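Undergrad: Supplied in structure tokens, the structure appears directly below.
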Amino acid sequence: MPLRIDILTLFPEMFAPILGTSIPKRAAEKGLVSYHLTQIRDFAIDGHKSVDDKPFGGGHGMVMMCQTVYDAVRAVENQDQRPATRILLSPQGRIFDQPLAEDLARKDRLLLIAGHYEGFDERIIDGLQPMEVSIGDYVLSGGELAAMVMVDAIVRLLPGALGAEQGAIDETFADGLLEYPQYTKPREFEGMNVPEVLLSGDHGKIARWRLEQRRLRTQQRRPDLWQAYIEKNAAMLEAERLKAEKKEKRKRKPRGGEDFGTI
Ligand code: ADE
């Protein structure tokens, strides 16, 4: 069964260009995922098709009302027997990251609720108990772009979504390190050269250089990720250090048979 992704929104038309392009499009064509967009306003019950109202207690902006969102969620969930993981896009949510994308890529069904205006009536969160997710510490005008970011990051992780299976394994964040620098033709551009090691043809040496670059970059640019990496890989890093120390000692020590000092 393909992963089913439902998106509830007041602006379904925003999604077509993203879901209809590149990897998200190809993943759907390959039958790995299906997208279902629902207009929340279709569930409004008054003559004005209202989905929001002024906040109790005063304040600026408008608040998304319970009834339309509850009705939309229930109607959409009834379209398929598989229970959905409910996600509500909000700057108050947990920060979206690669481990969460990996986790969500293993689900059968996701239901994303993208709101607009100042926010949601709190009873939407209390009653429907969605996972609240934020894509970063900034405020967007609505959850739509955030939903698209999530869908893109999740769908490319589905087995078979990327051309080369390797693609998603090698890259940034897969093991907590940033990506190594990449180069392509020409070998020299405006006085800048491709590092010699990449032209050496020595695959072992290239792999070691790339790992070193990934570690250096992570250390310099993302101390938070680096700290997590050294904690997680303490045993491996210690083994590497001991091996390097041994190698260094061997280099310095005179070879067997050359030491005649005790005769
Ligand atoms: N809606 C508004 N801002 C958002 C954010 N940063 N992440 C998710 N949804 C949002």
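Undergrad: Stretch MET1-ARG208 to full length: gain in nm at 0.36 nm per residue minus the Cα-Cα span?
TA: 70.5 nm
Undergrad: Now, a different point. With labels modelled as points extended 7 Å from the Cα through the Cβ direction, what inter-label distance (nm, one decimal) is found for LEU216 paired with GLN129?
TA: So the label points at LEU216 and GLN129 sit 5.0 nm apart.
Undergrad: Would you grab the residues whose amide H sits under 5 Å from the one on ARG4? Only those 5+ places off in sequence or on another chain, please, with H modelled 1.01 Å from N.
TA: SER34, ARG109, LEU110
Undergrad: Relative to the present Cα-Cα distance, how much length would full extension add between PHE11 and LEU242 at 0.36 nm per residue of separation?
TA: Extending this stretch completely gives an extra 77.4 nm.
Undergrad: Rounded to the nearest 10 Å², what accessible area does HIS36 show when all protein chains are kept and the probe is 1.4 Å?
TA: 60 Å²
Undergrad: Gain in length, GLU188 to SER22, computed as 0.36 nm per residue apart minus the alpha-carbon separation, to one decimal in nm?
TA: 56.7 nm
Undergrad: A further question on this structure: Between the alpha-carbon centers of segment 111-146 and segment 176-240, tell me the distance in whole angstrom.
TA: Between the Cα centre of segment 111-146 and that of segment 176-240, the gap is 37 Å.
Undergrad: Then there is this: Could you tell me whether the chain comes out rounded, prolate or oblate from its Cα gyration tensor? Rule is a ≥ b ≥ c as square roots of the eigenvalues, rounded for a/c under 1.5, then prolate if a/b exceeds b/c, otherwise oblate.
TA: Because a/c hits 1.5 or more and a/b exceeds b/c, the chain counts as prolate.
Undergrad: Can you give me the distance in nm between label points at GLU179 and GLN39, each placed 7 Å from the Cα along the Cα-to-Cβ direction?
TA: 3.8 nm
Undergrad: Using only the alpha-carbon atoms, how far is helix 66-77 inclined from the longest principal axis of the chain? Give it as 0 to 90 degrees, nearest 10.
TA: The helix 66-77 is inclined about 70 degrees to the chain.
Undergrad: Decide, for segment 21-135, between rounded, prolate and oblate: order the square roots of the alpha carbon gyration tensor eigenvalues as a ≥ b ≥ c, take rounded if a/c falls under 1.5, and otherwise choose prolate if a/b is larger than b/c, else oblate.
TA: prolate
Undergrad: Separate question: If DNA, RNA and ligands are ignored and the probe is 1.4 Å, what is the ranking of TYR180, TYR117, TYR138 by accessible area, most exposed first?
TA: Output order, biggest surface exposure first: TYR138, TYR117, TYR180.
Undergrad: I've got another one for you. Which number comes out as Rg/Rh for segment 89-244 once both Rg and the Kirkwood Rh are worked out on C-alpha atoms?
TA: 1.07
Undergrad: A further question on this structure: Say R0 is 51 Å: what FRET efficiency, to the nearest 0.05, do ASN78 and LYS232 get from their beta-carbon distance?
TA: Given R0 = 51 Å and the Cβ-Cβ separation, E is 0.75.
Undergrad: Give the lysines whose C-alpha is closer than 24 Å to that of LYS25, dropping any in the same chain fewer than 8 places away, or say none.
TA: Hits, sequence-local ones excluded: LYS107.
Undergrad: Oh, and also: Within segment 22-108, list the chymotrypsin sites (Phe, Trp or Tyr not before Pro) lying in a DSSP loop whose Cβ has at most 10 other Cβ atoms in a 10 Å radius.
TA: Here the chymotrypsin sites (Phe, Trp or Tyr not before Pro) that fit, given the DSSP loop and packing criteria, are PHE56.
Undergrad: Here's something else I'd like to know. What net charge do the residues around GLY57 carry, taking every other residue with its C-beta under 14 Å from that of GLY57, with Lys and Arg at +1 and Asp and Glu at -1?
TA: With Lys, Arg at +1 and Asp, Glu at -1, the net is -3.
Undergrad: Please work out the FRET efficiency for the pair ASP71 and ASP103, using the Cβ-Cβ distance as r and a Förster radius of 25 Å; give the result to the nearest 0.05.
TA: My answer for the efficiency is 0.30.
Undergrad: Then there is this: Using Cα atoms only, what is the angle between the long axis of helix 144-155 and the major principal axis of the chain, expressed in degrees (0 to 90) to the nearest 10?
TA: Between the helix axis and the principal axis of the chain, the angle is about 50 degrees.
Undergrad: Once R0 is set to 45 Å, what does the formula 1/(1 + (r/R0)^6) return for the Cβ-Cβ distance between GLN92 and LYS251, expressed as a FRET efficiency to the nearest 0.05?
TA: After rounding to 0.05, the efficiency reads 0.20.
Undergrad: Search the structure for amide H atoms under 5 Å from the amide H of GLY142, placed 1.01 Å from N in the peptide plane, and list their residues when 5 or more places away or on another chain.
TA: Residues meeting the amide H criterion: none.
Undergrad: Compute the Cα gyration tensor for segment 1-40, then decide on rounded, prolate or oblate, letting a ≥ b ≥ c be the square roots of its eigenvalues: rounded whenever a/c is under 1.5, prolate when a/b is larger than b/c in the other cases, and oblate in all that remain.
TA: Here segment 1-40 falls in the oblate category.
The values are calculated or read from the model by the stated rules, or taken from the named source; none is laboratory data. Worth saying up front: this structure is predicted, and the values here are computed from it rather than measured. All Cβ positions, glycine included, derive from the backbone under ideal geometry; neighbour counts span all protein chains shown. Heavy atoms of the whole protein, side chains included, go into the accessibility calculation; ligands, DNA and RNA do not. Shrake-Rupley method; radii C 1.70, N 1.55, O 1.52, S 1.80 Å.
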